[in-house]
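Here is the structure we will look at, set down as structure tokens.
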Amino acid sequence: MKKLKIAYYCSNRTVFPPPNNIVAANAEVMKEIAQGMINKGHQVTIYASKGSKMKGAEIIDLGLPAHQLDPAYEKEDWVKDLHIAYRSAYISQLMADSNKYDLIHLHVGRVIAGQPFLKFSHCPVVFTVHEKIPAQFEKLMSLDKETNLVSISNSQRKAAPKLNYVSTVYNGIDLKKHAFNNKPGNDCVFINRISKEKGVEFAIKAAKRAKVNLKIYGPGEKNYLNKAVLPFVNKKITYQGMAEKYSTKWHQAYEQAKVILFPIQWEEPFGLVMIEAMACGTPVIAFNRGSVPEIIKDNKTGFICPANDLNSMVRAIKKIYQMPANEYANMRRQCRKLVEEKFSAEIMVNEYEKVYQKLLAK
């Protein structure tokens, strides 16, 4: 295809690419896409906070620094308002500049934050939907039937199935940054944002019943940590704190784990944790919600348990620990193979290039 001029925007919570010491899945995915497009020779412009830098891309920052506020932890109403105001400022500027580009690709948390601006664009605009779409949003989002959406799993569409989805593109990761390890340790691991919807409380209960060691990694809101995690810490269940992305601690969490627990309590749109774990060869045990059955191959790269079925998760943990060495080693190889075949950054970038071709052909 011809070389395109593509503009991207995600968030102003941090500079872009995001620093490794925060959880910013949307921006991580956009980074891989933008880098892949640069590598393919496309001309990339990124609208991002002051101080952002990416080799091969032009940065437009509007002179605004990152506000560094995460509404997952900062609960004041004004924090959400600030997010909306930043998004509005950047997306409105994108629309004003849209005649400079062949296509605009948005990764904002809520599609409805960008939709009102679309009528002012001189080029196609596509949104990657990174969040769960509340069913209450469907009518509002349906007002503009031309809004181009890319879902990150097929299950993500269920709450609002009548919208204009142009494709499903699974998230992908850079496999060079995820080393395969076939000689792990013996610990169960939970690595995620420490919150109710991610299911850390179920992970603790399951590990206790299965009588295995559990290492918990991730950032969490202080009050929730004090209530749901820290009271249960002992010799077998430990809280390791934040594992900075790509740090030694982060690599060890994934590569040395016997198994990763993913007992989600919501309809997870994707779940990068699952493919990051499997890329390292580590099987995943997850509750059957959201994208889980699209990502894990049950009995081959881990186990899928009925939602909230603690007994089933305990049995799955025991099964992992009781596996013959050759059978477990094969499961680890199958984990890596699945990510190579389905969830690499290269595959994701190629799929987005097809989306761009499709939209421009219109």
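Taking amide H as placed 1.01 Å from N in the peptide plane, Ile173 has its amide H under 5 Å from the amide H of Ser344, Ala345, each at least 5 places away in sequence or on another chain.
What the Cα convex hull of region 175-342 gives, in volume per residue, is 100 Å³. Among Ile317, Asn99, Ser88, which residue has its Cα positioned farthest towards the positive end of the charge dipole of the chain, with +1 placed on the Cβ of Lys and Arg, -1 on the Cβ of Asp and Glu, and the dipole taken about the Cα centre? Positive-end residue among those listed: Ile317. Given their separation in residues at 0.36 nm each and the Cα-Cα distance between them, Lys236 and Met323 gain 29.2 nm when the chain is fully extended.
Within the listed set Ala253, Ala34, Ala85, the residue fluctuating most in the Gaussian network model of the chain (springs between alpha-carbon atoms under 10 angstrom) is Ala85. For region 1-50, the calculated P(r) over all alpha carbon pairs, in 5 Å bins from 0 to the bin holding the longest distance, is 5, 21, 30, 22, 13, 6, 2, 0 percent.
Taking the Cα centre of the chain as origin and assigning +1 to Lys and Arg Cβ atoms and -1 to Asp and Glu Cβ atoms, the resulting dipole is close to 960 debye.
Averaging the Cα positions of each part gives two centres, and for region 1-59 and region 279-319 these lie 33 Å apart.
Loop-located trypsin sites (Lys or Arg not before Pro) in region 1-77 (DSSP state not H, G, I, E or B) with no more than 13 neighbouring Cβ atoms inside 10 Å: Lys2, Lys3, Lys50, Lys53, Lys55, Lys75.
One way to sum up the overall shape of the chain is the equivalent ellipsoid from its Cα gyration tensor, whose semi-axes run 36, 22, 19 Å, largest first. GNM on the chain, alpha-carbon springs under 10 angstrom: the most fluctuating residue among Lys236, Lys177, Lys222 is Lys222.
Mind giving me the FRET efficiency for Leu143 and Ser88? R0 is 22 Å, r the Cβ-Cβ distance, nearest 0.05 is fine. The value I calculate is 0.80. Take each peptide in 241-248, 268-275, 100-107, 119-126, count the other Cβ atoms within 10 Å of every residue, and average; sorted highest first, the result is 268-275, 100-107, 119-126, 241-248. Among the GluC sites (Glu not before Pro) found in region 36-100, those both in a DSSP coil and sparsely packed, with 12 or fewer other Cβ atoms within 10 Å of their Cβ, are Glu76. Placing dummy labels 7 Å off each Cα toward the beta-carbon, the span from Lys176 to Glu58 is 2.7 nm.
With R₀ set to 22 Å, the beta-carbon distance separating Lys342 from Lys158 gives a calculated FRET efficiency near 0.60.
In terms of Cα atoms, the Rg and Dmax of region 294-343 work out to 11.7, 32 Å.
Find the centroid of the Cα atoms in region 71-85 and in region 202-228, then give the distance between the two in whole Å. The two parts, judged by their Cα centres, are 27 Å apart.
Readers should treat all values here as calculations from the given coordinates under stated rules, not as data from a laboratory. Here the structure is a predicted model, which is why all the values come from computation and not from measurement. Neighbour counts are summed over all protein chains in view; Cβ atoms, including those assigned to glycine, are modelled from backbone coordinates with ideal geometry.
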